[in-house]
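Report on the structure given below.
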Amino acid sequence: MAATSKSTRTRANAKPVMDDLSDRAAALRKELAELGEALAGAGALQAGVAREAAETRVSELLESGEHLVSEMSRQLGRTEKQVSQAVRDKPLQALGVAVAAGFLAAILMRR
């Protein structure tokens, strides 16, 4: 009978241990799920921050490009006025430069 009572005691002791392990496993699953959600949230937050930084950089580049275009437009306008004035001041010289440029263009295009 001693063997029976020892076996009964072992089963009785095993049940609380199994319940404890089951509870710990459930708690661990819950913590892992919460960690996964936290990591997903952090990834979304980083993606949002990266998107905002990219949008800011694109905005800065567009603004810089617009500034460059307006500056080049002003410079082109000034150059156009200077060329017009030079043609008015020295029409024969301007005609000679135009003929020479046309001649060079024709030579280059022929090849």
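For this structure, a couple of remarks:
- Considering (1) at pLDDT 90 or above; (2) open to solvent by 80 Å² or more (accessible area, probe 1.4 Å), the lone condition that V49 does not fulfil carries the number (1).
- Residue check, A105 open to solvent by 60 Å² or more (accessible area, probe 1.4 Å) and at negative phi: no
The values are calculated or read from the model by the stated rules, or taken from the named source; none is laboratory data. Being a predicted model, the structure only gives us computed values, none of them experimental. Accessible surface is based on the protein model in full, side chains and every heavy atom, while ligands, DNA and RNA are left aside. Shrake-Rupley method; radii C 1.70, N 1.55, O 1.52, S 1.80 Å.
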